[in-house]
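As structure tokens, the structure follows; a few thoughts come after it.
Please treat every number below as a calculation from the coordinates, not as lab data. Everything numeric in this text was worked out from a predicted model, so none of it was measured. For neighbour counting, all protein chains shown are included, and Cβ atoms are generated from backbone atoms with ideal geometry for every residue, glycine included.
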Amino acid sequence: MDFDWKARYDGIHAGFPGCDHTPVIGITGNFGEKGCELAEGYYESVLRAGATPVVLPPTEDVNALVTMLDRLDGLIFSGGGDMNPLFAGEEPIPALHGINPKRDLCELLLIRLAYDRQLPMLGICRGIQMLVSALGGSVYQDLSSQYPTPNALLKHSQDLDRSVASHTVQLAEGSLLRTIMGNKESLAVNSFHHQAVRESGPSLRVCATSPDGVIEAVESTEHKSILGVQWHPECFCLRDDACMMPLFNWLKAEAANYRAARRVHQRVLTLDSHCDTPMFFDQDIHFNQRDPRILVDLHKMTEGGLDASIMVAYIPQGELTDEGRANATAYADSQLSRVRQMVADCGDAVEIAYTPQDLDCLKAAGRKAIMLGIENGYAIGQDLSLLRHFREKYGIVYMTLCHNGNNDICGSARPREGEKLEGVSSFGADVIREMNRLGIMVDLSHASERSFYDALDISEQPIVCSHSSARALCDHPRNLTDDQLRALAAKGGVAQVTFYNGFLRTDGQATILDAVAHLNHMIEVMGIEHVGIGTDFDGDGGVPGLASASELINFTRRLLRERYSEDDLRLIWGGNFLRVMDLCK
């Protein structure tokens, strides 16, 4: 060992910056006779992967837990004693071993909070059991007394050295784990447990089993960076062959990607151009709480790194009568008033914004922003003066000309039974011109193709499609053809890819991968200066990997993997949309 520590110190400053900042991975410490402790293999494996390990002491202090997560890029949940079954709503059976009351609550909270924030996670031995318990699965308190076929069990609690393999596991075909491990069909692993996963739960799926059928590994069903293994890979990483290092290399790469995405969200203004959350504000919703009934609230916006959302008053299409029109106007007023009241009830955390400059100021102040819009011009009936009313009273930034069903302004992409496919009416042409004059963006999502092209011809300002995807990838009349995309771009407009399942694919469940594919296609057709993101959250938008505002950072992570630059992401995440808003004001 070189004892000249001063030379090492001087070496750090021989150039600038003197060191490379690596992703920080927290490792939950065990708790024993000496207090918080951690076996060498855990932190050495993280170091060898090129990340920085920090030991997380067991604590129930919520402020400390959240602060930890705000500083970390990834997590490892280490091995140790049994979980108290009372946390799972079970009574202890006689075969339960020693529990560790210092760790359980801390780790259950950490997992759920990290899950909300999309942090990469690796669970090891006890760690896989904690992941499953926290995310809706269940665990055997003791295999030998609870497993359905105990006589067929392997010996899962070995007396071998921890760096020696004791049995094999089969890796599921097509699984993330199998990809990480070089597409191997099986692995020789070490086994030191008497508890095991019983059911993986909805958020995780089984990706490895031992020959007796015991679950040995789980991974995310939602395209998240979550993996749990029942064996101890950190002990193998100290061997000469370091055969389990791919697991830690994967975690380091995911943590680096998460760190990069979070830094992008710190520097770039992120805007969702369309959500329908106001529909729920008459149900005793509290926007400053993490409410499971809505997909966008202050907690979820913060977790997903979303700065601003355009919340619309969605107006269902009704009859084209004086009474129907009057009811639509009153409903739009009530919806927009509820949003303003909701914002007022949240104090300084969020504010209504009216211009792109307002958004920049609010982001700099660390506050969330809400802009207002109207979905369906049925809200103004046949009264052009109502545009001024909604603009001056509420500051709406856009109005979607129609929804499902034709109205007085234009024909819909999905006319109701008995209605024909129509274009923009003469009244609709006056509406578009008045919107141009008042600085209200014209939104053509939901419009028929004929209405789309009519509006492009009439409008003197660029047009937006606040939540529309590509028909070339999903043949739905609500989506835009390549010709429409090119025409929109030629007039300086933007199309915002949406996360509504039926607009991403027609043959099953769409995922974040489909959303990325639509964006890539739209960029290829239009150019990167004409695309953005309009989630349609709380209007049935949301797919696995992008299920709520809390998961929006996952989209950035995927785009970074696709080699999009920070400047590209600034355009996608609102820069293009706000350019049009600036032109229209």
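Summary table
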{"item": "Nearest-20 debye value, the chain charge dipole, Cβ charges on Lys, Arg, Asp, Glu", "result": "800 debye"}
{"item": "Considering only the chain, percent of DSSP beta bridges that pair antiparallel, nearest 5", "result": "40 percent"}
{"item": "Between 0 and 90°, nearest 10: helix 40-49 axis offset from the chain longest Cα axis", "result": "50 degrees"}
{"item": "Dipole magnitude of the range 268-584, debye to nearest 20 (Cβ charges: Lys/Arg +1, Asp/Glu -1, about Cα centre)", "result": "460 debye"}
{"item": "Close Lys-Lys pairs in the chain, where close means Cα under 17 Å and separation is 8 or more or interchain", "result": "7"}
{"item": "Residue (of 332, 350, 366) at the positive-pole extreme of the range 318-378, dipole from beta-carbon charges", "result": "366"}
{"item": "Protection-proxy order for peptides 196-208, 16-28, 234-246, each taking the mean of Cβ atoms within 10 Å per residue, highest first", "result": "196-208, 234-246, 16-28"}
{"item": "Surrounding net charge for residue 11, when Lys and Arg each add one and Asp and Glu each subtract one, Cβ distance under 13 Å", "result": "-1"}
{"item": "With Cα atoms, 0 to 90° folded angle of helix 322-345 axis to the chain main axis", "result": "40 degrees"}
{"item": "CD proxy at 222 nm, helix term only [per DSSP H run n ≥ 4: -39500 (n - 2.57); per residue of the chain; nearest 500]", "result": "-10500 deg cm²/dmol"}
{"item": "Neighbour-limited loop hits for GluC sites (Glu not before Pro), the range 316-423 (at most 15 other Cβ within 10 Å; DSSP other than H, G, I, E, B)", "result": "319, 417, 419"}
{"item": "Dipole of the chain, positive end: most advanced residue of 382, 167, 406 [Cβ charges, Cα centre]", "result": "167"}
{"item": "Ordering of 225-232, 463-470, 378-385 by packing [mean C-beta count within 10 Å, highest first]", "result": "463-470, 225-232, 378-385"}
{"item": "Among 119-130, 295-306, the order from most to least packed when residues are scored by Cβ within 10 Å on average", "result": "119-130, 295-306"}
